[in-house]
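**Q** Mind having a look at this structure? Questions to follow.
The values are calculated or read from the model by the stated rules, or taken from the named source; none is laboratory data. Keep in mind it's a predicted model, so treat the numbers as computed, not measured. Every residue, glycine among them, receives a Cβ derived from its backbone with ideal geometry; neighbour counts consider all protein chains shown.
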Amino acid sequence: MEESYFQGNLNQIPLPRLLFLIWQKENSGLLLIQREKEKKDLYFEKGNLFIERNSFPEKDFLKTLVRKKIMTVDQQKRCESHASQNKVSSLKALIECQVLSPSQLWKLIETFFEGQAFALFDWAEASFLFDSQPLEGILNLSRIETPNFILQGIRQMRNFALIEAWLPPENEYVQTLSPPHLHLLSFKPHEIYLLQAIDKSSLKEVYDSSEIGKKETQKAIFTFLCLGIIGTSSGKFDLRSSPEFSPQAVERILSAFNEKCSYICKYISKEIGPVALNVLEKTLEEVKSNLSPLFQEIELNPDGTFETKSILETNRNLCGHEDLTDLLRDLNEILAAEVLTVKKTLGNEHESSLVKNLEKIGEII
């Protein structure tokens, strides 16, 4: 089965929009989000989130139950002792010790998971890597509907600077859309009010006339944009306008890309020797079918970099929005494929170390 991966940073796309695209495409796989020493894995099955059993942090969960006075310290110790003696999970012990009923436990599991995941919505910068493939041998503890998860997550956001940064200019006109998933969303009364009031108005007019105040209006607009509920007069899906790039800026992007590729080649060569180049060449051939015509003839240099002069020479107008979108998508596709090759060849620890070091080199854009 063909595998597809994508990689980037949350300074390029906000998390709720990224989650929506995964849901919209009905992707299954693992989304890894990392910021310095903080790391979070999100699992998806046909676009919807699910709580993966083996990665669920039982100890943190029990501590949270005690902190919130849902159970006592004595009950926690009794459950942990029961789990150890009977070689069962702490979750099972909570039920067998009659601390919680199954329905209570599952509701608390979902609330705990959502509380941890919602904190990610306020991250303005963090690297992400999505491995889109069927997850075999993974136990689905509970399923979370992604659209309403996004809706709830944005409602709890506190980073208004992040929200404002992604909104279109105030002179931009917005109009309501009728996407097929609209009926799946559980809007609050104030969100329904705003959705009915904004059609074919400029954002400035919306902000001035809204009865819920500018900040809450901006949060709702951000929500509607991320979920594809409204569109802008420009007709773009982008939440904010893409910047114009000079040929010099494109050259810097390609240079940063090659610096990362060179580092990946050196890293894998240190572990497996000269055969590393052959491994990377095979990776390039496998990923070419996902790339634009721009990269169909591209070849690897002995140091793992790519010959980018030909790209610049044959594409003098590589400063338009559409061309740049294709270019950046292709560059991230290649990098993601190479990172996954390191994971498959050397293991998870090497992948984590590589990603961490690649962050120090800097972003492509």
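**Q** Do we have any residue at all in the range 145-168 that's over 30 Å from S209 (Cα atoms) and either of a type in the set (D, E, K, R) or buried (at least 16 other Cβ atoms within 10 Å of the Cβ) (or both)? Talk me through it step by step, then tell me what you get.
**A** First pass over the range 145-168, keeping only residues over 30 Å from S209 (Cα atoms): 145-146.
In the following step, the residues that additionally are either of a type in the set (D, E, K, R) or buried (at least 16 other Cβ atoms within 10 Å of the Cβ) (or both) were identified as 145-146.
Among the residues of the range 145-168, at least one is over 30 Å from S209 (Cα atoms) and either of a type in the set (D, E, K, R) or buried (at least 16 other Cβ atoms within 10 Å of the Cβ) (or both), which makes the answer yes.
**Q** Looking at the structure I just gave you, is L100 over 29 Å from A220 (Cβ atoms), of a type in the set (A, V, I, L, M, F, W, C) and exposed (fewer than 15 other Cβ atoms within 10 Å of the Cβ)? Explain how you work it out, then say what you get.
**A** Working: over 29 Å from A220 (Cβ atoms): yes; of a type in the set (A, V, I, L, M, F, W, C): yes; exposed (fewer than 15 other Cβ atoms within 10 Å of the Cβ): no.
Answer is no for this residue.
**Q** Could I ask something else about it? In this structure, does D74 turn out to be within 26 Å of N159 (Cβ to Cβ), assigned to a helix (DSSP H, G or I), of a type in the set (D, E) and in the same structural domain as L129 (by TED's automatic domain parsing)? Working first, answer last.
**A** On the way: within 26 Å of N159 (Cβ to Cβ): no; assigned to a helix (DSSP H, G or I): yes; of a type in the set (D, E): yes; in the same structural domain as L129 (by TED's automatic domain parsing): yes.
Taking the combined requirement at face value, the residue does not satisfy it.
**Q** Next question, about the same structure. For the range 249-279, how many residues meet the condition of being over 24 Å from the mean Cα position of the chain (by Cα), among the hydrophobic types (A, V, I, L, M, F, W, C) and under 20 Å from K309 (Cβ atoms)?
**A** The number of residues fulfilling the criteria is 3.
**Q** Filter the range 77-102 for residues that are assigned to a helix (DSSP H, G or I) and small (G, A, S); which is farthest from N54 (Cα to Cα)?
**A** S81
**Q** Which one of these does Q98 not meet: (1) assigned by TED's automatic domain parsing to the domain that holds G213; (2) on the phi > 0 side of the Ramachandran plot?
**A** (1)
Quick grid of which residues meet (1) modelled with pLDDT of 90 or more; (2) over 25 Å from K39 (Cβ atoms):
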{"site": "I253", "(1), (2)": "no, yes"}
{"site": "A256", "(1), (2)": "no, no"}
{"site": "I268", "(1), (2)": "yes, no"}
{"site": "I272", "(1), (2)": "yes, yes"}
{"site": "L324", "(1), (2)": "no, yes"}
{"site": "L335", "(1), (2)": "no, no"}
{"site": "K343", "(1), (2)": "no, no"}
{"site": "H350", "(1), (2)": "no, no"}
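Condition check ((1) in a helix (DSSP H, G or I); (2) touching a Cys at 6+ places or on another chain (Cβ under 8 Å); (3) at pLDDT 90 or above) across all residues:
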site: F149; (1), (2), (3): yes, no, yes
site: N171; (1), (2), (3): no, no, no
site: P179; (1), (2), (3): no, no, no
site: I192; (1), (2), (3): yes, no, yes
site: Q196; (1), (2), (3): yes, no, no
site: V206; (1), (2), (3): yes, no, yes
site: E211; (1), (2), (3): no, no, yes
site: K215; (1), (2), (3): yes, no, yes
site: K219; (1), (2), (3): yes, no, yes
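**Q** Which residue is surrounded by the most Cβ atoms within 10 Å (Cβ to Cβ), if the candidates are limited to the range 19-61 and must be hydrophobic (A, V, I, L, M, F, W, C) and in a helix (DSSP H, G or I)?
**A** From the range 19-61, those hydrophobic (A, V, I, L, M, F, W, C) are 19-23, 30-33, 42, 44, 49-51, 56, 61; that's our starting set.
In the following step, the residues that additionally are in a helix (DSSP H, G or I) were identified as 19-23, 61.
Values: L19: 25, F20: 21, L21: 17, I22: 22, W23: 22, F61: 18.
Looking at residues that are hydrophobic (A, V, I, L, M, F, W, C) and in a helix (DSSP H, G or I), I get L19.
**Q** I've got another one for you. Of the residues K68, K46, K39, which single one is of a type in the set (K, R) and over 30 Å from C79 (Cβ atoms)?
**A** Values: K68 fails: over 30 Å from C79 (Cβ atoms); K39 fails: over 30 Å from C79 (Cβ atoms).
Going through K68, K46, K39 in turn, just one is of a type in the set (K, R) and over 30 Å from C79 (Cβ atoms): K46.
**Q** Regarding the range 131-146, can at least one residue be identified that is touching a Lys or Arg at 6+ places or on another chain (Cβ under 7 Å), closer than 23 Å to E114 by Cβ and in contact (Cβ under 8 Å) with a residue 40 or more places away in the chain? Talk me through it step by step, then tell me what you get.
**A** First, the residues of the range 131-146 that are touching a Lys or Arg at 6+ places or on another chain (Cβ under 7 Å): 139, 141.
Of the ones still in play, those that are also closer than 23 Å to E114 by Cβ are 139, 141.
Filter again for in contact (Cβ under 8 Å) with a residue 40 or more places away in the chain, leaving 139, 141.
Taking every residue of the range 131-146 in turn, at least one turns out to be touching a Lys or Arg at 6+ places or on another chain (Cβ under 7 Å), closer than 23 Å to E114 by Cβ and in contact (Cβ under 8 Å) with a residue 40 or more places away in the chain.
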